[in-house]
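The values are calculated or read from the model by the stated rules, or taken from the named source; none is laboratory data. The shown structure was predicted, so the numbers you read here are calculated from the model rather than taken from an experiment. Note that each Cβ is placed from the backbone with ideal geometry, even for glycine, and that neighbours are counted across all protein chains shown.
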Amino acid sequence: MTKSTPDIVVWVANRNTPITEPQGVVLTVVGNQTLVIRRGEIVIWSSEDSSSAASTPPALQLLDTGNLVIIDMASGIWIWQSFDYPTDTWLPGMKMVNDVLAGLDKYLTSWRNRDDPSPGDFAFRIENEGLCDMVLLHRGTKKKFRTGKWNGINFDGLLPFPNSSGLPIMAFKEDRLISVLAYAGCSINYRLTLESSGVIKRHTLNARTDKWDSIRVNPRDSCDEYGTCSPNAICKFEKPVICECFKGFAPKFQKDWDNQDWSGGCTRIRELNCEGGDGFLEVERAKYPHMLDYWLNSSMSLSECRARCLLNCNCTAYANPIITNEGYGCLMWFGDLVDIRENLAADIRQIVYIRLPASEIEASTNLEEKEKKISAKIIVISIVAGVLVSGFINGGILLMARRKRQAKKNDDDDLELPIFKLVTIVAATNNFSIENIIGEGGFGPVYKVRLSRSSSQGLEEFKNEVTSIAKLQHRNLVRLLGCCIEGEERMLIYEYLPNKSLDYFVFNQNRMKILTWPKRFDIIMGIARGLLYLHQDSRLKIIHRDLKTSNILLDGNLNPKIADFGLARAFVKDQSIVRTKRVVGTYGYMAPEYAIDGKFSVKSDVFSLGVVLLEIVSGKKNRGFNNHDNCHTLLGHAWLLWKDDKTLELMDECLNETFVESELKRCVQVGLLCVQKFADDRPVMSSVLFMLGTDGAILPEPKEPAFFYERSLNPITSVSSPSMKSDNNTMTITDLEAR
């Protein structure tokens, strides 16, 4: 195991008998097989006896994997290993086991607290109830979190693994999950820990800093908490009201539900008709309900499963248990459906078929048809500069169009994106009415559906945006639905987002009141998750290069989505920094190394995020920030307040009634860490997300931010001028284009 700073405890032998006075304590191997810790004749701890003893005096070795072993030097056989006795840490090469026939049950248990390694209140283990999953238990029996059932590809309640090298190795015996081997053979230093608070964290060792970065946490949100919405409801974390009754169901206690007390769950509006006439509601991308009362058959077809469910009055839902079995397999639930969450990040669509009376199915279908008719109409929404607007096409999309005088016949090669015909878009947008100019964006004057021919950015930016975003799928990234390339037309068609962008709310004296502190904190976390995906979890490492409040769009529930990938750059494997002769971005958000030297990396985006974060907290724009007491930028002003322990003075006044002090101070400090002058001092996004989401975490002290002083108290509206730099007797001209 590579040494890290600070030292990390990964295994404790004598958890229940801690040594308070180390003097006179001896560690020995006795009987050629047993490891013993003792003081004099008193045995403090001993390993379990092995079934075999060494033929020669054995050796005790600590392997590079972190495994402590007793080894027979003559045969090389391990007689005993610490990996067979996990504590709170799961290391590469270590197994969790649930093998009833062999009498083996190996799982993680938390420490009691950070100073006491004795077993705490939480355990993380394999569970084989019907379909297998992994569960987090509180005090032995109460479920706190479950990964969701194994569907043949993944645990259906988890985010997909970011790459194949991180996949655990799983062993099955007669459909039972016997063991899970943690990331064996992976070159990256991983560890997974079960914290004393009941949180599961996955860490990687940062080779540059020799520190562990937390990259994934479970439970990741309130929808991961077991049974958050109680029976017959689905949890949707992206919604402002996260719990939603299934169609055909209503809150059991409506008044409690209105107060966001979900404990009563939902109940049927109409009873099932066991004499026939029932149907099924399809719920896609949902974590399967907990198998409290079920029936499972691996060979029955899905159509047979449906028929069998209808024959049983107690059957409330059915599904294909293993989605890789080509439509075979039947899982039926009886009674209430518990612990279901929406999992939009799932790679494979799995469907739960929930039984409803025919009248409810018909009512649901009629509602969907009505929504489609409404969607066919042109609904114009004005969005901020830089993002475009819209009509509805095929159920609701945001349409962004840009035109270019010269077109090439092969422009649409290799785009791998649905192509919309121009005639369809013309019909849906009332022939691009020019009466609806709404602002100025990166591609020229912005109309309600189309950009003007006078756009200064060319085909390269258009194709770059298409290729950068077409394959990106994350709930905090705007989704590209298609494009149109016909003649002189270049159009991008995005998902429909009705609430414009973040700066439309944050910098407006009236609308800013809509963004309470909980909503602002959710927006901050959403932006951070989206940026982490771009930098680390997507198939390509994407550097956005123009992250700002106006490029954060808000959906109908004010959930943030990063937009405008026209300036984004994809990094090849192992590439960490690039230098460009053409600096294009937005003053106030550009990192100094990018603005001055044309160097950009993931840390450039981190800087931009820090600016956005401080703007969200303060309700003030960084560019042209005006403070009557000094000539500092917003960044400099925030840093001085933080140094003087006056962080709350930075806060937007409209947050006085809703702010959470610890969260707000943490956001300001993380923001200041992100805007530090030197890129090496700034954290990576995995660390940013961990620091933002971990209450009580000890954060580093930020150094002085970049652009500490504002040259002028008057904001500069736009600049386009070349800068010249001499390096080793050569001259480089960098075109600096502000947006």
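A few points about this structure:
- Some residue of region 513-523 being farther than 22 Å from Met691 by Cα, in a helix (DSSP H, G or I) and assigned by TED's automatic domain parsing to the domain that holds Ser608: yes
- Screening Cys266 with (1) out of contact with any helix residue (DSSP H, G or I) (no Cβ under 9 Å at 6 or more places or on another chain); (2) closer than 13 Å to Thr316 by Cβ; (3) free of Cβ contacts under 8 Å to residues at least 60 places away in the same chain gives one miss only, at (1).
- Residue in region 87-94 that is among the β-branched types (Val, Ile, Thr), in a loop (DSSP other than H, G, I, E, B) and more than 32 Å from the chain's Cα centre (by Cα) present: no
- Ser230 vs. criteria at pLDDT 90 or above, assigned by TED's automatic domain parsing to the domain that holds Pro357 and in contact with a Ser or Thr (Cβ under 7 Å, 6 or more places away or on another chain): yes
- Strands (runs of 3 or more DSSP E) fully within region 304-369 counting 1 or more residues that are out of contact with any Cys (no Cβ under 9 Å at 6 or more places or on another chain) and at pLDDT 95 or above: 351-357
- Residue satisfying condition, being outside any loop (DSSP other than H, G, I, E, B), surrounded by fewer than 24 Cβ atoms within 10 Å (Cβ to Cβ) and either outside the structural domain of Glu701 (by TED's automatic domain parsing) or modelled with pLDDT under 95 (or both), within set Gly636, Gly624: Gly636
- Boolean, Ser604 is part of a helix (DSSP H, G or I), among the small types (Gly, Ala, Ser) and touching a Cys at 6+ places or on another chain (Cβ under 9 Å): no
- Against the test of being modelled with pLDDT of 90 or more and outside any strand (DSSP E or B), the options Met291, Met300 yield a single qualifying residue, Met291.
- Every condition in (1) closer than 19 Å to Thr28 by Cα; (2) assigned to a strand (DSSP E or B) is met by Met73 except one, and the failing one is (2).
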